[in-house]
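To start, the structure itself, in structure tokens.
The values are calculated or read from the model by the stated rules, or taken from the named source; none is laboratory data. Keep in mind it's a predicted model, so treat the numbers as computed, not measured. Neighbour counts run over all protein chains shown; Cβ positions are idealised from the backbone, glycine included. SASA here: full protein model, heavy atoms, side chains in, ligands and nucleic acids out. Shrake-Rupley method; radii C 1.70, N 1.55, O 1.52, S 1.80 Å.
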Amino acid sequence: VCVFFHNESLKTRDIQAACLTLKEKKAFRGIIVVNGKIANHIQDVLAEVEPVFKLETFHRWELFVDITEHYLVPDHRVLSNKEKMALLKQHRLTDAQLPRIKLGDPMARFMGMQIGQVVKIIRRSKISGRYVTYRICI
């Protein structure tokens, strides 16, 4: 994963430069941290490069606080494909039967989840001690 910091408004040429850097470094995932604005058409540009490069954008202010450390946010752990298949087989489920988490959810974004991945969420409870649930990213 390569991280790019950008102090101005994000433009198409900045995305192109990031893609060239990723190509040179033989990386396929990148994070762009922006201090300025992100133009509306940038999401379309990111969708165009999506088949080759996975580029995520975050505003600088979104990263000031580590949301995983907040006491109200339960523990999240992304399952591997092997663990996902074992879970589905053990409970005789299909992907469509799992509860969902949106791709735009703050924890899903923070963890870099992709569509189809499953996250294990462990909540602490005074009554039951520990409550585990699974969600699939849509």
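Using 0.36 nm per residue and subtracting the Cα-Cα separation, the extra length available between Leu87 and Lys26 on full extension is 18.7 nm. Available extension along the chain between Gln16 and Leu79 is 19.5 nm, counting 0.36 nm per residue and deducting the alpha carbon span. Sorted largest first, the principal axis extents computed over the alpha-carbon atoms of the chain equal 51, 31, 26 Å. When you work out D = kT/(6 pi eta Rh) for region 66-138 at 4 °C and 1.567 mPa s, using the Kirkwood radius from C-alpha pairs as Rh and the Stokes-Einstein form, the result is 101 µm²/s. Straight-line reach from Lys126: taking Cα to Cα under 19 Å and skipping same-chain neighbours fewer than 8 places apart, the aspartates and glutamates in range are Asp75. Using the 1.4 Å probe convention, the accessible area of the chain works out to 70 Å² per residue with neighbouring protein chains retained.
For Ile101, the residues whose amide H sits under 5 Å from its own are Ile136, Cys137, Ile138, ignoring neighbours fewer than 5 places away on the same chain, with H placed 1.01 Å from N.
Here the Karplus curve 6.51 cos²θ - 1.76 cosθ + 1.60, taken at θ = phi - 60°, turns the phi angles of region 102-111 into couplings of 6, 4, x, 4, x, 5, 5, 5, 4, 8 Hz, with x standing for Gly and Pro. Of all lysines in the structure, the ones whose alpha carbon falls short of 27 Å from that of Lys23, not counting any fewer than 8 places away in one chain, are Lys11, Lys37, Lys54.
Derived scalar couplings between HN and Hα for region 29-34 equal 10, x, 10, 10, 9, 10 Hz in order, rounded to whole Hz, by the Karplus curve 6.51 cos²θ - 1.76 cosθ + 1.60 (θ = phi - 60°), x for Gly and Pro.
Modelled this way, with points 7 Å down the Cα-to-C-beta line, the labels at Tyr131 and Phe64 are 3.1 nm from one another.
Element breakdown for region 19-77 at a 1.4 angstrom probe: carbon and sulfur atoms account for 57% of the accessible area. Karplus-derived 3J(HN,Hα) values for region 10-24, using 6.51 cos²θ - 1.76 cosθ + 1.60 with θ = phi - 60°, are 7, 10, 4, 5, 5, 5, 4, 5, 5, 5, 5, 5, 4, 5, 5 Hz; glycine and proline are entered as x.
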